[in-house]
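A quick write-up on the structure given underneath.
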Amino acid sequence: MREYLLTLCITAAVTYLLTGPVRKFAIVAGAMPEIRARDVHREPTPRLGGIAMFFGLCAGLLVADHLANLNQVFEKSNEPRALLSGAALIWLIGVLDDKFEIDALIKLGAQMIAAGVMVMQGLTILWLPIPGVGTVALTQWQGTLLTVALVVITINAVNFVDGLDGLAAGMVCIASAAFFMYAYRIWYSYGIEAAAPATLFAAVLMGMCVGFLPHNMHPARIFMGDSGSMLIGLVLAAGAISITGQVDPDNLFGGSERSAVHQMVPVYIPLLMPLTIIAIPAADLILAIVRRTWRGQSPFAADRGHLHHRLLEIGHSHSRAVLIMYFWSALIAFGALAYSVNSASMWIVLGVVGLSAVGLVLLLLPRFTPRAPRWAEAFVPPRYRRRRAAPAPGAAEGAGSAEDAASAEAADDEPRAPVPVGVSGGPGVPGVNGATALGARSRVPRG
(Lines give C-alpha, C1' and ligand atoms only; values in the text may rest on other atoms or scores of the structure.)
Protein backbone atom coordinates (compact mmCIF):
# COMPACT_ATOMS: atom_id res chain seq x y z
CA MET A 1 0.00 0.00 0.00
CA ARG A 2 2.88 2.40 0.77
CA GLU A 3 4.24 2.02 -2.74
CA TYR A 4 0.83 2.65 -4.28
CA LEU A 5 0.42 5.77 -2.14
CA LEU A 6 3.90 6.96 -3.11
CA THR A 7 3.07 6.46 -6.79
CA LEU A 8 -0.19 8.37 -6.33
CA CYS A 9 1.56 11.27 -4.57
CA ILE A 10 4.32 11.53 -7.18
CA THR A 11 1.77 11.53 -9.99
CA ALA A 12 -0.31 14.20 -8.25
CA ALA A 13 2.72 16.38 -7.49
CA VAL A 14 4.07 16.27 -11.03
CA THR A 15 0.64 17.01 -12.49
CA TYR A 16 0.04 19.88 -10.09
CA LEU A 17 3.45 21.50 -10.61
CA LEU A 18 3.31 21.22 -14.40
CA THR A 19 -0.21 22.59 -14.81
CA GLY A 20 0.88 26.19 -14.15
CA PRO A 21 3.61 26.24 -16.84
CA VAL A 22 1.29 24.36 -19.20
CA ARG A 23 -1.32 27.09 -18.73
CA LYS A 24 1.19 29.76 -19.75
CA PHE A 25 2.23 27.65 -22.74
CA ALA A 26 -1.41 27.21 -23.80
CA ILE A 27 -1.94 30.99 -23.70
CA VAL A 28 1.18 31.62 -25.78
CA ALA A 29 0.26 28.85 -28.22
CA GLY A 30 -3.20 30.30 -28.67
CA ALA A 31 -5.04 27.26 -27.31
CA MET A 32 -7.82 29.52 -25.97
CA PRO A 33 -10.82 28.94 -28.25
CA GLU A 34 -13.72 31.34 -28.38
CA ILE A 35 -16.66 30.64 -26.13
CA ARG A 36 -19.07 28.29 -27.86
CA ALA A 37 -22.86 28.16 -27.63
CA ARG A 38 -22.76 25.14 -25.31
CA ASP A 39 -20.14 26.56 -22.92
CA VAL A 40 -21.07 27.95 -19.53
CA HIS A 41 -17.90 29.89 -18.73
CA ARG A 42 -17.75 33.60 -19.52
CA GLU A 43 -14.12 34.21 -20.40
CA PRO A 44 -11.85 32.35 -22.84
CA THR A 45 -9.89 29.80 -20.82
CA PRO A 46 -6.75 27.96 -21.97
CA ARG A 47 -6.95 24.24 -22.64
CA LEU A 48 -4.13 21.67 -22.97
CA GLY A 49 -4.33 20.65 -19.31
CA GLY A 50 -3.93 17.09 -20.58
CA ILE A 51 -0.23 17.81 -21.17
CA ALA A 52 0.41 18.03 -17.42
CA MET A 53 -1.77 14.97 -16.79
CA PHE A 54 0.14 12.91 -19.35
CA PHE A 55 3.51 13.76 -17.85
CA GLY A 56 2.06 12.94 -14.43
CA LEU A 57 1.08 9.53 -15.81
CA CYS A 58 4.60 8.99 -17.15
CA ALA A 59 6.15 10.03 -13.82
CA GLY A 60 3.89 7.70 -11.87
CA LEU A 61 4.68 4.69 -14.06
CA LEU A 62 8.41 5.54 -13.98
CA VAL A 63 8.45 5.67 -10.18
CA ALA A 64 6.45 2.44 -9.91
CA ASP A 65 8.96 0.71 -12.19
CA HIS A 66 11.74 1.47 -9.68
CA LEU A 67 9.91 0.34 -6.55
CA ALA A 68 10.64 -3.06 -5.06
CA ASN A 69 7.17 -4.60 -5.20
CA LEU A 70 5.53 -2.68 -8.03
CA ASN A 71 8.49 -3.43 -10.26
CA GLN A 72 7.15 -6.98 -10.53
CA VAL A 73 4.08 -5.63 -12.33
CA PHE A 74 6.35 -4.49 -15.17
CA GLU A 75 8.33 -7.73 -15.16
CA LYS A 76 5.38 -10.12 -15.19
CA SER A 77 2.98 -8.12 -17.36
CA ASN A 78 3.19 -5.98 -20.47
CA GLU A 79 0.00 -4.10 -19.60
CA PRO A 80 1.71 -0.93 -18.24
CA ARG A 81 3.64 -0.54 -21.50
CA ALA A 82 0.46 -1.18 -23.48
CA LEU A 83 -1.31 1.52 -21.50
CA LEU A 84 1.52 4.01 -22.04
CA SER A 85 1.52 3.35 -25.80
CA GLY A 86 -2.23 3.84 -26.17
CA ALA A 87 -2.18 6.86 -23.84
CA ALA A 88 0.60 8.56 -25.83
CA LEU A 89 -1.35 8.17 -29.07
CA ILE A 90 -4.68 9.38 -27.70
CA TRP A 91 -2.98 12.24 -25.87
CA LEU A 92 -1.27 13.43 -29.05
CA ILE A 93 -4.58 13.45 -30.92
CA GLY A 94 -6.15 15.35 -28.04
CA VAL A 95 -3.44 18.01 -28.07
CA LEU A 96 -3.94 18.55 -31.80
CA ASP A 97 -7.70 18.77 -31.27
CA ASP A 98 -7.33 21.34 -28.48
CA LYS A 99 -5.33 23.51 -30.82
CA PHE A 100 -6.80 22.88 -34.28
CA GLU A 101 -10.30 21.36 -33.66
CA ILE A 102 -10.00 17.96 -35.36
CA ASP A 103 -13.10 16.43 -36.94
CA ALA A 104 -15.09 14.10 -34.68
CA LEU A 105 -14.78 11.10 -37.03
CA ILE A 106 -11.00 11.47 -37.07
CA LYS A 107 -10.94 11.45 -33.28
CA LEU A 108 -13.16 8.36 -33.27
CA GLY A 109 -10.74 6.59 -35.60
CA ALA A 110 -7.80 7.59 -33.40
CA GLN A 111 -9.57 6.19 -30.34
CA MET A 112 -10.06 2.86 -32.09
CA ILE A 113 -6.41 2.80 -33.17
CA ALA A 114 -5.25 3.54 -29.62
CA ALA A 115 -7.40 0.68 -28.34
CA GLY A 116 -5.97 -1.59 -31.06
CA VAL A 117 -2.42 -0.68 -29.99
CA MET A 118 -3.19 -1.78 -26.45
CA VAL A 119 -4.76 -5.02 -27.69
CA MET A 120 -1.68 -5.82 -29.77
CA GLN A 121 0.46 -5.54 -26.63
CA GLY A 122 -1.69 -7.82 -24.52
CA LEU A 123 -4.17 -5.50 -22.79
CA THR A 124 -7.36 -7.19 -23.92
CA ILE A 125 -10.38 -9.06 -22.60
CA LEU A 126 -9.75 -12.79 -22.57
CA TRP A 127 -12.97 -14.01 -20.97
CA LEU A 128 -16.22 -12.73 -19.53
CA PRO A 129 -18.07 -13.78 -16.37
CA ILE A 130 -21.70 -14.08 -17.47
CA PRO A 131 -24.41 -14.67 -14.84
CA GLY A 132 -26.19 -18.00 -15.28
CA VAL A 133 -23.59 -19.22 -17.76
CA GLY A 134 -20.24 -18.92 -16.02
CA THR A 135 -16.88 -17.85 -17.35
CA VAL A 136 -16.93 -17.72 -21.14
CA ALA A 137 -13.63 -17.69 -23.04
CA LEU A 138 -13.54 -15.27 -25.96
CA THR A 139 -11.89 -15.71 -29.30
CA GLN A 140 -9.22 -13.26 -30.37
CA TRP A 141 -11.61 -11.32 -32.59
CA GLN A 142 -14.33 -11.22 -29.95
CA GLY A 143 -11.91 -9.99 -27.31
CA THR A 144 -10.50 -7.34 -29.65
CA LEU A 145 -13.90 -5.98 -30.67
CA LEU A 146 -15.15 -5.91 -27.08
CA THR A 147 -11.97 -4.19 -25.88
CA VAL A 148 -12.12 -1.53 -28.59
CA ALA A 149 -15.82 -0.92 -27.89
CA LEU A 150 -15.22 -0.51 -24.14
CA VAL A 151 -12.32 1.90 -24.71
CA VAL A 152 -14.27 4.05 -27.18
CA ILE A 153 -17.39 4.16 -24.98
CA THR A 154 -15.44 5.09 -21.86
CA ILE A 155 -13.39 7.78 -23.59
CA ASN A 156 -16.45 9.45 -25.09
CA ALA A 157 -18.45 9.12 -21.87
CA VAL A 158 -15.78 11.02 -19.93
CA ASN A 159 -15.41 13.51 -22.77
CA PHE A 160 -19.17 14.19 -22.83
CA VAL A 161 -19.35 14.85 -19.11
CA ASP A 162 -16.48 17.35 -19.22
CA GLY A 163 -18.69 20.43 -19.32
CA LEU A 164 -18.30 22.15 -15.94
CA ASP A 165 -15.24 23.24 -13.97
CA GLY A 166 -13.83 20.26 -12.10
CA LEU A 167 -16.63 17.90 -13.13
CA ALA A 168 -14.83 15.28 -15.23
CA ALA A 169 -11.67 15.19 -13.10
CA GLY A 170 -13.66 14.88 -9.88
CA MET A 171 -16.02 12.18 -11.14
CA VAL A 172 -13.16 10.12 -12.56
CA CYS A 173 -11.22 10.56 -9.31
CA ILE A 174 -14.17 9.25 -7.30
CA ALA A 175 -14.64 6.31 -9.67
CA SER A 176 -10.93 5.44 -9.65
CA ALA A 177 -10.84 5.57 -5.83
CA ALA A 178 -13.63 2.99 -5.61
CA PHE A 179 -12.00 0.93 -8.35
CA PHE A 180 -8.63 1.06 -6.55
CA MET A 181 -10.17 -0.35 -3.36
CA TYR A 182 -11.82 -3.14 -5.32
CA ALA A 183 -8.73 -4.07 -7.32
CA TYR A 184 -6.42 -3.83 -4.30
CA ARG A 185 -8.69 -6.15 -2.35
CA ILE A 186 -8.54 -8.75 -5.10
CA TRP A 187 -4.77 -8.40 -5.41
CA TYR A 188 -3.90 -8.29 -1.69
CA SER A 189 -6.61 -10.35 -0.03
CA TYR A 190 -6.72 -13.19 -2.55
CA GLY A 191 -3.10 -12.99 -3.75
CA ILE A 192 -4.07 -12.71 -7.43
CA GLU A 193 -1.13 -11.03 -9.18
CA ALA A 194 -3.18 -10.45 -12.33
CA ALA A 195 -5.07 -7.70 -10.49
CA ALA A 196 -1.88 -5.72 -9.73
CA PRO A 197 -1.81 -3.77 -13.06
CA ALA A 198 -5.40 -2.58 -12.60
CA THR A 199 -4.57 -1.46 -9.05
CA LEU A 200 -1.58 0.50 -10.35
CA PHE A 201 -3.65 2.12 -13.12
CA ALA A 202 -6.27 3.25 -10.58
CA ALA A 203 -3.63 4.75 -8.27
CA VAL A 204 -1.99 6.66 -11.12
CA LEU A 205 -5.36 7.87 -12.39
CA MET A 206 -6.27 9.19 -8.95
CA GLY A 207 -2.97 11.08 -8.83
CA MET A 208 -3.60 12.65 -12.24
CA CYS A 209 -7.03 13.91 -11.20
CA VAL A 210 -6.02 15.06 -7.71
CA GLY A 211 -3.08 17.02 -9.11
CA PHE A 212 -5.17 18.74 -11.77
CA LEU A 213 -8.29 19.55 -9.72
CA PRO A 214 -6.85 22.54 -7.76
CA HIS A 215 -6.33 24.35 -11.09
CA ASN A 216 -9.66 23.22 -12.53
CA MET A 217 -12.15 23.92 -9.74
CA HIS A 218 -14.64 26.74 -10.30
CA PRO A 219 -13.61 29.26 -11.48
CA ALA A 220 -11.20 27.19 -13.56
CA ARG A 221 -7.87 28.67 -14.60
CA ILE A 222 -7.29 25.95 -17.20
CA PHE A 223 -9.31 23.19 -18.85
CA MET A 224 -8.04 19.68 -19.45
CA GLY A 225 -9.41 19.76 -23.00
CA ASP A 226 -9.77 16.65 -25.12
CA SER A 227 -6.11 15.87 -24.45
CA GLY A 228 -7.02 15.34 -20.80
CA SER A 229 -10.55 13.95 -20.98
CA MET A 230 -9.70 11.31 -23.58
CA LEU A 231 -6.53 10.43 -21.65
CA ILE A 232 -8.22 9.78 -18.31
CA GLY A 233 -11.03 7.96 -20.10
CA LEU A 234 -8.51 5.61 -21.69
CA VAL A 235 -6.72 4.96 -18.38
CA LEU A 236 -10.06 4.24 -16.71
CA ALA A 237 -10.98 1.82 -19.50
CA ALA A 238 -7.57 0.12 -19.28
CA GLY A 239 -8.11 -0.68 -15.61
CA ALA A 240 -11.59 -2.03 -16.30
CA ILE A 241 -10.30 -4.22 -19.13
CA SER A 242 -7.46 -5.55 -17.01
CA ILE A 243 -9.63 -6.51 -14.02
CA THR A 244 -12.49 -7.87 -16.15
CA GLY A 245 -10.72 -9.79 -18.87
CA GLN A 246 -7.47 -10.82 -17.20
CA VAL A 247 -8.62 -12.02 -13.75
CA ASP A 248 -10.48 -15.34 -13.73
CA PRO A 249 -13.41 -14.98 -11.28
CA ASP A 250 -13.17 -18.66 -10.32
CA ASN A 251 -9.80 -17.91 -8.73
CA LEU A 252 -11.20 -15.32 -6.36
CA PHE A 253 -12.46 -17.86 -3.87
CA GLY A 254 -11.28 -21.30 -4.77
CA GLY A 255 -13.85 -23.97 -5.24
CA SER A 256 -16.80 -24.11 -7.55
CA GLU A 257 -18.48 -21.16 -9.15
CA ARG A 258 -21.68 -21.80 -7.21
CA SER A 259 -19.84 -21.63 -3.88
CA ALA A 260 -18.24 -18.38 -5.02
CA VAL A 261 -21.67 -16.91 -5.59
CA HIS A 262 -22.80 -17.88 -2.10
CA GLN A 263 -19.66 -16.70 -0.31
CA MET A 264 -18.78 -13.04 -0.68
CA VAL A 265 -18.74 -11.64 -4.20
CA PRO A 266 -20.98 -12.80 -7.03
CA VAL A 267 -18.97 -14.07 -9.93
CA TYR A 268 -20.25 -11.27 -12.16
CA ILE A 269 -19.07 -8.41 -9.92
CA PRO A 270 -15.83 -8.07 -11.96
CA LEU A 271 -18.08 -7.37 -14.94
CA LEU A 272 -20.42 -4.96 -13.13
CA MET A 273 -17.85 -2.95 -11.19
CA PRO A 274 -16.19 -1.36 -14.25
CA LEU A 275 -19.64 -0.46 -15.58
CA THR A 276 -20.77 1.20 -12.35
CA ILE A 277 -17.77 3.52 -12.21
CA ILE A 278 -18.80 5.09 -15.52
CA ALA A 279 -22.55 4.79 -14.96
CA ILE A 280 -23.26 8.54 -14.88
CA PRO A 281 -21.03 9.46 -17.88
CA ALA A 282 -22.32 6.47 -19.84
CA ALA A 283 -25.94 7.45 -19.14
CA ASP A 284 -25.18 10.98 -20.33
CA LEU A 285 -23.58 9.55 -23.49
CA ILE A 286 -26.56 7.32 -24.29
CA LEU A 287 -29.08 10.10 -23.66
CA ALA A 288 -27.10 12.49 -25.87
CA ILE A 289 -27.00 10.01 -28.75
CA VAL A 290 -30.74 9.27 -28.48
CA ARG A 291 -31.62 12.96 -28.16
CA ARG A 292 -29.57 14.05 -31.17
CA THR A 293 -30.66 11.15 -33.33
CA TRP A 294 -34.33 11.83 -32.49
CA ARG A 295 -33.88 15.42 -33.65
CA GLY A 296 -32.29 14.30 -36.89
CA GLN A 297 -28.85 15.57 -35.87
CA SER A 298 -25.49 13.87 -35.92
CA PRO A 299 -24.62 12.00 -32.68
CA PHE A 300 -21.43 14.07 -32.61
CA ALA A 301 -23.25 17.42 -32.84
CA ALA A 302 -22.65 19.39 -29.65
CA ASP A 303 -25.60 20.78 -27.69
CA ARG A 304 -26.65 22.00 -24.27
CA GLY A 305 -28.68 18.96 -23.26
CA HIS A 306 -26.17 17.14 -21.06
CA LEU A 307 -26.98 16.29 -17.46
CA HIS A 308 -24.89 19.14 -16.05
CA HIS A 309 -26.59 21.61 -18.40
CA ARG A 310 -29.99 20.44 -17.18
CA LEU A 311 -28.93 20.94 -13.57
CA LEU A 312 -28.06 24.54 -14.39
CA GLU A 313 -31.34 25.07 -16.22
CA ILE A 314 -33.49 23.97 -13.29
CA GLY A 315 -31.76 26.50 -11.06
CA HIS A 316 -28.67 24.92 -9.51
CA SER A 317 -25.53 27.02 -9.21
CA HIS A 318 -22.33 25.91 -10.94
CA SER A 319 -20.73 24.56 -7.77
CA ARG A 320 -23.87 22.81 -6.55
CA ALA A 321 -24.39 21.10 -9.93
CA VAL A 322 -20.84 19.73 -9.76
CA LEU A 323 -21.31 18.52 -6.18
CA ILE A 324 -24.57 16.77 -7.10
CA MET A 325 -22.82 14.92 -9.92
CA TYR A 326 -20.05 13.98 -7.48
CA PHE A 327 -22.65 12.65 -5.06
CA TRP A 328 -24.32 10.36 -7.58
CA SER A 329 -20.99 9.08 -8.90
CA ALA A 330 -19.83 8.24 -5.38
CA LEU A 331 -23.14 6.62 -4.48
CA ILE A 332 -23.11 4.27 -7.47
CA ALA A 333 -19.38 3.43 -7.38
CA PHE A 334 -19.05 2.91 -3.63
CA GLY A 335 -22.45 1.24 -3.44
CA ALA A 336 -21.22 -1.41 -5.89
CA LEU A 337 -17.98 -1.66 -3.89
CA ALA A 338 -19.87 -2.25 -0.64
CA TYR A 339 -22.05 -4.86 -2.35
CA SER A 340 -18.94 -6.66 -3.57
CA VAL A 341 -17.68 -6.92 0.02
CA ASN A 342 -20.93 -8.26 1.48
CA SER A 343 -23.69 -8.93 -1.01
CA ALA A 344 -25.97 -10.47 1.65
CA SER A 345 -26.22 -7.39 3.86
CA MET A 346 -29.62 -5.68 3.79
CA TRP A 347 -28.10 -2.60 5.43
CA ILE A 348 -26.14 -1.86 2.26
CA VAL A 349 -29.31 -1.92 0.17
CA LEU A 350 -31.16 0.27 2.66
CA GLY A 351 -28.26 2.69 2.82
CA VAL A 352 -28.13 3.02 -0.97
CA VAL A 353 -31.90 3.55 -1.11
CA GLY A 354 -31.76 6.18 1.62
CA LEU A 355 -28.90 8.07 0.00
CA SER A 356 -30.72 7.90 -3.34
CA ALA A 357 -33.70 9.62 -1.72
CA VAL A 358 -31.36 12.32 -0.40
CA GLY A 359 -29.93 12.71 -3.90
CA LEU A 360 -33.40 13.18 -5.38
CA VAL A 361 -34.17 15.90 -2.82
CA LEU A 362 -30.93 17.66 -3.76
CA LEU A 363 -31.83 17.43 -7.45
CA LEU A 364 -35.22 19.07 -6.87
CA LEU A 365 -34.00 21.63 -4.34
CA PRO A 366 -34.40 24.69 -6.64
CA ARG A 367 -38.06 23.76 -7.16
CA PHE A 368 -38.90 24.39 -3.51
CA THR A 369 -36.21 26.75 -2.24
CA PRO A 370 -37.46 27.78 1.21
CA ARG A 371 -37.59 31.38 2.39
CA ALA A 372 -36.77 32.05 6.00
CA PRO A 373 -39.10 34.25 8.09
CA ARG A 374 -38.06 37.81 8.77
CA TRP A 375 -36.81 37.13 12.28
CA ALA A 376 -34.48 34.32 11.09
CA GLU A 377 -32.92 36.04 8.07
CA ALA A 378 -29.80 37.01 10.01
CA PHE A 379 -28.99 33.34 10.61
CA VAL A 380 -29.36 31.89 7.10
CA PRO A 381 -27.42 32.35 3.83
CA PRO A 382 -28.55 35.25 1.59
CA ARG A 383 -30.22 32.96 -0.94
CA TYR A 384 -32.88 32.04 1.65
CA ARG A 385 -33.75 35.63 2.60
CA ARG A 386 -36.75 37.52 1.28
CA ARG A 387 -35.97 40.29 -1.16
CA ARG A 388 -36.38 43.89 -0.13
CA ALA A 389 -38.55 46.30 -2.11
CA ALA A 390 -36.75 48.97 -4.12
CA PRO A 391 -36.17 52.23 -2.16
CA ALA A 392 -38.31 55.28 -2.95
CA PRO A 393 -36.84 57.75 -5.50
CA GLY A 394 -36.48 60.48 -2.91
CA ALA A 395 -34.88 58.30 -0.29
CA ALA A 396 -31.53 59.27 1.14
CA GLU A 397 -28.55 58.00 -0.78
CA GLY A 398 -27.09 56.15 2.14
CA ALA A 399 -30.38 54.67 3.30
CA GLY A 400 -30.88 51.01 2.64
CA SER A 401 -27.22 50.38 1.88
CA ALA A 402 -27.29 47.33 4.10
CA GLU A 403 -30.33 46.00 2.28
CA ASP A 404 -28.71 46.69 -1.11
CA ALA A 405 -25.55 44.86 -0.06
CA ALA A 406 -27.56 41.88 1.16
CA SER A 407 -29.61 41.88 -2.04
CA ALA A 408 -26.48 42.03 -4.19
CA GLU A 409 -24.92 39.22 -2.20
CA ALA A 410 -28.06 37.13 -2.59
CA ALA A 411 -28.11 37.79 -6.34
CA ASP A 412 -24.50 36.68 -6.67
CA ASP A 413 -25.15 33.58 -4.61
CA GLU A 414 -28.30 32.55 -6.44
CA PRO A 415 -28.18 30.27 -9.49
CA ARG A 416 -28.54 32.07 -12.77
CA ALA A 417 -30.46 31.06 -15.88
CA PRO A 418 -28.65 30.91 -19.23
CA VAL A 419 -29.16 33.79 -21.68
CA PRO A 420 -30.04 32.71 -25.26
CA VAL A 421 -27.31 33.16 -27.84
CA GLY A 422 -27.39 36.48 -29.65
CA VAL A 423 -30.52 37.69 -27.83
CA SER A 424 -30.51 41.02 -26.08
CA GLY A 425 -31.32 40.94 -22.41
CA GLY A 426 -33.62 43.96 -22.61
CA PRO A 427 -33.18 47.72 -22.60
CA GLY A 428 -29.63 48.59 -21.67
CA VAL A 429 -28.52 44.94 -21.61
CA PRO A 430 -26.29 43.96 -24.55
CA GLY A 431 -26.65 40.70 -26.39
CA VAL A 432 -24.31 37.80 -25.88
CA ASN A 433 -22.78 38.06 -29.36
CA GLY A 434 -22.45 34.35 -30.02
CA ALA A 435 -21.31 33.33 -26.52
CA THR A 436 -23.43 31.64 -23.91
CA ALA A 437 -23.36 33.60 -20.68
CA LEU A 438 -25.23 33.29 -17.45
CA GLY A 439 -27.45 36.26 -16.67
CA ALA A 440 -28.88 37.36 -13.36
CA ARG A 441 -32.36 36.37 -12.33
CA SER A 442 -35.30 38.74 -12.52
CA ARG A 443 -35.43 41.32 -9.77
CA VAL A 444 -39.25 41.14 -9.48
CA PRO A 445 -40.09 40.44 -5.82
CA ARG A 446 -41.67 37.09 -5.18
CA GLY A 447 -45.25 37.04 -4.04
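Quick notes
- Heavy atoms of the protein chains alone define the surface here; on that basis the stretch 53-127 has 45 Å² accessible area per residue at 1.4 Å probe size.
- M53, M206, ranked by accessible area, largest first (probe 1.4 Å): M206, M53
- Cα centroid separation - the stretch 79-124 against the stretch 140-200, whole Å: 16 Å
- Stretchable slack from L108 to M217, in nm (0.36 nm times residue separation minus alpha-carbon distance): 36.4 nm
- For S298, the solvent-accessible surface computed with a 1.4 Å probe is close to 60 Å², ligands and nucleic acids excluded.
- A simple packing score, the average count of other Cβ atoms within 10 Å per residue, orders the peptides 77-84, 98-105, 353-360, 195-202 as 195-202, 77-84, 98-105, 353-360, with the highest score first.
- Gyration tensor (alpha-carbon) shape descriptor, the stretch 102-176, a/c threshold 1.5: oblate
- For T135, the residues whose modelled amide H falls within less than 5 Å of its own, excluding neighbours fewer than 5 places apart on the same chain, are I130.
- Spin-label model distance (nm) - L365 vs A137, 7 Å beyond Cα toward Cβ: 5.3 nm
- Amide H within-cut-off set for W127, under 5 Å, with H built and near neighbours excluded: L138
- FRET efficiency for the C58 to E101 pair, using the beta carbon distance and R₀ = 35 Å, is estimated at 0.85.
- Nearby lysines by direct alpha-carbon distance to K107 (threshold 30 angstrom, same-chain neighbours under 8 apart not counted): K24, K99
The values are calculated or read from the model by the stated rules, or taken from the named source; none is laboratory data. None of these values were measured; they are calculated from a predicted model. Because the Cβ atoms are built from the backbone with ideal geometry, glycine has one as well, and the counts that use them run over all protein chains shown. We work out accessible area using only protein heavy atoms, side chains counted, and drop any ligands, DNA or RNA first. Shrake-Rupley method; radii C 1.70, N 1.55, O 1.52, S 1.80 Å.
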